[in-house]
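To keep things clear, I will list the structure first and then write my remarks on it.
The values are calculated or read from the model by the stated rules, or taken from the named source; none is laboratory data. A quick note: this is a predicted structure, and the numbers were derived from the prediction, not measured. Note that each Cβ is placed from the backbone with ideal geometry, even for glycine, and that neighbours are counted across all protein chains shown. The area values use the complete protein model at the heavy-atom level, side chains included, leaving out ligands, DNA and RNA. Shrake-Rupley method; radii C 1.70, N 1.55, O 1.52, S 1.80 Å.
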Amino acid sequence: MSAPTTKKPTVTEREARQVAEAAREQDWRKPSFAKELFLGRFRLDLIHPHPLPADEDVRRGEEFLARLREFCETKIDSALIEREARIPDEVIAGLKELGALGMKIDPRYGGLGLTQVYYNRALALVGSANPAVGALLSAHQSIGVPQPLKIFGTQEQKDAFLPRCARTDISAFLLTEPDVGSDPARLATTAVRDGDDYVLDGVKLWTTNGVVADLLVVMARVPKSDDGKGGKGGITAFVVEADSEGVTVENRNAFMGLRGLENGVTRFHQVRVPAANRIGPEGAGLKIALTTLNTGRLSLPAMCVGAGKWCLKIAREWAGVREQWGKPVALHEAVGSKISFIAATTFALEAVVDLSSQMADENRNDIRIEAALAKLYGSEMGCLMADELVQIRGGRGFETAESLAARGERAVPAEQLLRDLRINRIFEGSTEIMHLLIAREAVDAHLSVAGDLIDPDKSLQDKARAGANAGVFYAKWLPKLVAGPGQLPTSYGDFKHGIDLSPHLRYVERHARKLARSTFYAMSRWQGRMETKQGFLGRIVDIGAELFAMSAACVRAELLRREGDHGREAYQLADAFCRQARVRVDELFTRLWSNTDDLDRKVVKGVLGGSYEWLEQGIVDPSGEGPWIADATPGPSQRENLRRPLK
């Protein structure tokens, strides 16, 4: 067996992109509402009428939610978790007894077998009680051992691990390294084949649940076999027993929020893992991770929905009793507009999550873009709602709940929520990475027919062939972007019931076509440099997110009207949200072509080149000395093992 390497992989920008591209799902076997939207085709038929869960799924889901609600109300002390920065062992034991570890696991393995819809509603409920508890359950089931095994595991692996995950064992997902974030091509953790085992060496950072986990999904680089008899190598996924010899939790990390999060640094030194614990073939690790996240990403916006509902409750109660200048602050327009934003956005975000979740359950549509948009939109809007709540509460919003209680007022943890939600813009793909990921999927149709035209490595013959194919595609596609139902005043008339939502759907249809035209123009203008125009691509994606949310809000309002469940109020909220979203969309379209992107690049070069160091004078830097990135050289651990197993 060869010794572990101590040299990190060095890759070019192009090589890194090729690794990411190879991990993508290349085919679109099922329709996608969001993909069609980015192509200028408003396929309302794919989401309307709103899909509904089966009666039996509803019954089982509601029964579990009732038990979970009682547990959250009586057993989870959020203030205690915040104060002690730890989820009490008895809370985790109670969640195990409830079956909460196995919400998404099939009953044949001891799980509850809840649908994605009810799993997300459960996370919203738990997350409202304490976001760190929600994060523990989500990391365990959305990206931990259960989900990748469900999709890619062998029957033997499912039989061995899923019953444990359903009732007793906590799992974690380990991809990030001290010097590797969203660029997995530089992954340094290795797994070298040695007979019937692989030997793991490396260091993983930000291992959510890693401090208390029993089972780990670890991504490691397998060297390519030189003798031609072994596997093809590449980034590979393994199930690793957390108590294996050579596994050391070297640090329990602390953050500005989610203080109860069991997140750490985990070192692997000569850790032997049976080859039977490899998930999928060698080299399939990134594809497994990305496929797992297709639905796993929905858990995060689900908890943002719970946060929005709580923000709305507190804003309503506080702004109705707090008086300024002779009337409740809610009736002052400056505050009222914030409350309207929270209410309308919570409604729309719940519509996005429920619609995407139900489509995932039915498995009729490809929801990889919808789930990514839900994560992006939920994380951004969740932070905005929490920030607005702090502003509505004023000085009390900035004051901690413990301090409020100490002087006799209601302990409202508004500032804690703002801190807890902030990580969502980074978790499971930062906003910036989500922009690029979604943009890549949004332009997939263009690259599939015209990508060779802008690929510098393609031959003239390949470019000529691509040019011919592109000509055929665009000759059919471009004329369809000129006119559509959005220009007909009678379109979508079944969304008019007292309040008229049809103008908003016509707006979505027109602006989907405008979005597609803008994307085509940008590709024609920048060609191979398109991938460097991250500001433009981010705005394109943000427009698509708003249009998707508008569509989901209208469809949900119509569903609630048909079911007689707050239909009039739902229409009002959908109308308010769409009007607010249209203001944002119009601004984003303006900023596609009127922005400071070019100037910003020049300023950045000046900053990095030291041209503005004079601007930093007049301060002291309290951050002290030390490396920006900790050393992660493979080798035996020199630290105490901080792993805290829970039984």
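If you go through the stretch 260-293, how many residues are outside any loop (DSSP other than H, G, I, E, B) and either out of contact with any Pro (no Cβ under 9 Å at 6 or more places or on another chain) or among the small types (Gly, Ala, Ser) (or both)?
16
Give me a count of the residues in the stretch 617-639 that are in contact (Cβ under 8 Å) with a residue 40 or more places away in the chain and more than 31 Å from the chain's Cα centre (by Cα).
So the count comes out to 4.
Check off (1) open to solvent by 30 Å² or more (accessible area, probe 1.4 Å); (2) modelled with pLDDT of 75 or more; (3) in a helix (DSSP H, G or I); (4) within 19 Å of LEU37 (Cβ to Cβ) for ALA445 and give me the number that stays unchecked.
For ALA445, the exception is condition (1).
Can you tell me how many residues within the stretch 243-259 are surrounded by fewer than 22 Cβ atoms within 10 Å (Cβ to Cβ) and part of a loop (DSSP other than H, G, I, E, B)?
10
If you go through the stretch 155-168 one residue at a time, do you hit one that is touching a residue at least 12 places away in the same chain (Cβ under 8 Å), farther than 27 Å from GLY308 by Cα, open to solvent by less than 20 Å² (accessible area, probe 1.4 Å) and part of a loop (DSSP other than H, G, I, E, B)?
no
To keep it simple, each residue is scored yes or no on (1) within 24 Å of PHE347 (Cα to Cα); (2) open to solvent by less than 10 Å² (accessible area, probe 1.4 Å); (3) out of contact with any Cys (no Cβ under 7 Å at 6 or more places or on another chain).
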residue	(1), (2), (3)
GLY498	yes, no, yes
MET530	no, no, yes
PHE536	no, yes, yes
LEU547	yes, yes, yes
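Taking the stretch 358-385 as the region of interest, how many residues are without any contact (Cβ under 8 Å) to a residue 60 or more places away in the chain, touching a helix residue (DSSP H, G or I) at 6+ places or on another chain (Cβ under 7 Å) and closer than 19 Å to ILE543 by Cβ?
Residues meeting the conditions: 1.
Checking the condition farther than 21 Å from ALA545 by Cα and either of a type in the set (A, V, I, L, M) or out of contact with any Ser or Thr (no Cβ under 9 Å at 6 or more places or on another chain) (or both), which residue from GLN391, GLN416 passes?
Result: GLN391 is the single residue among GLN391, GLN416 that is farther than 21 Å from ALA545 by Cα and either of a type in the set (A, V, I, L, M) or out of contact with any Ser or Thr (no Cβ under 9 Å at 6 or more places or on another chain) (or both).
Please determine whether any residue of the stretch 97-117 is among the acidic types (Asp, Glu), in contact (Cβ under 8 Å) with a residue 60 or more places away in the chain and open to solvent by 20 Å² or more (accessible area, probe 1.4 Å).
No, that holds for no residue.
For the stretch 169-202, give me the residue count where each residue is assigned to a loop (DSSP other than H, G, I, E, B), open to solvent by 40 Å² or more (accessible area, probe 1.4 Å) and over 23 Å from LEU437 (Cα atoms).
Final tally of qualifying residues: 2.
Every residue, every condition in (1) part of a helix (DSSP H, G or I); (2) under 30 Å from VAL508 (Cα atoms), yes or no:
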| residue | (1), (2) |
| --- | --- |
| PRO51 | no, yes |
| LEU68 | yes, no |
| ILE81 | yes, no |
| VAL91 | yes, no |
| LEU101 | yes, no |
| VAL117 | yes, yes |
| ALA124 | yes, yes |
| ALA139 | yes, no |
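What are the pairs with Cβ atoms under 9 angstrom where one residue, in the stretch 531-548, is hydroxyl-bearing (Ser, Thr, Tyr) and the other, located anywhere, is open to solvent by 20 Å² or more (accessible area, probe 1.4 Å) and assigned to a helix (DSSP H, G or I)? Sequence gap at least six, or different chains.
Listed pairs, sorted by first residue: THR532/TRP526.
How many residues does the stretch 396-432 hold that are in a loop (DSSP other than H, G, I, E, B) and either in contact (Cβ under 8 Å) with a residue 60 or more places away in the chain or open to solvent by less than 50 Å² (accessible area, probe 1.4 Å) (or both)?
Of the residues in that region, 8 qualify.
Residues GLY113, GLY134: which one is assigned to a loop (DSSP other than H, G, I, E, B) and at pLDDT 95 or above?
GLY113
In the stretch 203-212, which residues are in contact with a Leu (Cβ under 6 Å, 6 or more places away or on another chain), of a type outside the set (Ser, Thr, Tyr) and in a strand (DSSP E or B)?
If the condition is that a residue be in contact with a Leu (Cβ under 6 Å, 6 or more places away or on another chain), of a type outside the set (Ser, Thr, Tyr) and in a strand (DSSP E or B), then LYS204 is the only one that fits.
Starting from the stretch 68-87, keep only residues that are among the polar types (S, T, N, Q), then list their pairs with residues that are assigned to a helix (DSSP H, G or I) whose Cβ atoms are within a distance under 7 Å, requiring at least 6 positions of separation or different chains.
SER78/ALA129
Report, ordered by the first and then the second residue, all pairs with beta carbons closer than 7 Å, sequence separation of six or more or different chains, a first member in the stretch 578-606 that is farther than 15 Å from PRO503 by Cα, and a second member that is surrounded by fewer than 13 Cβ atoms within 10 Å (Cβ to Cβ).
These pairs meet every condition: GLY606/TYR612.
Determine whether the stretch 348-357 contains at least one residue that is in contact (Cβ under 8 Å) with a residue 24 or more places away in the chain and assigned to a loop (DSSP other than H, G, I, E, B).
No; the residues of the stretch 348-357 include none that is in contact (Cβ under 8 Å) with a residue 24 or more places away in the chain and assigned to a loop (DSSP other than H, G, I, E, B).
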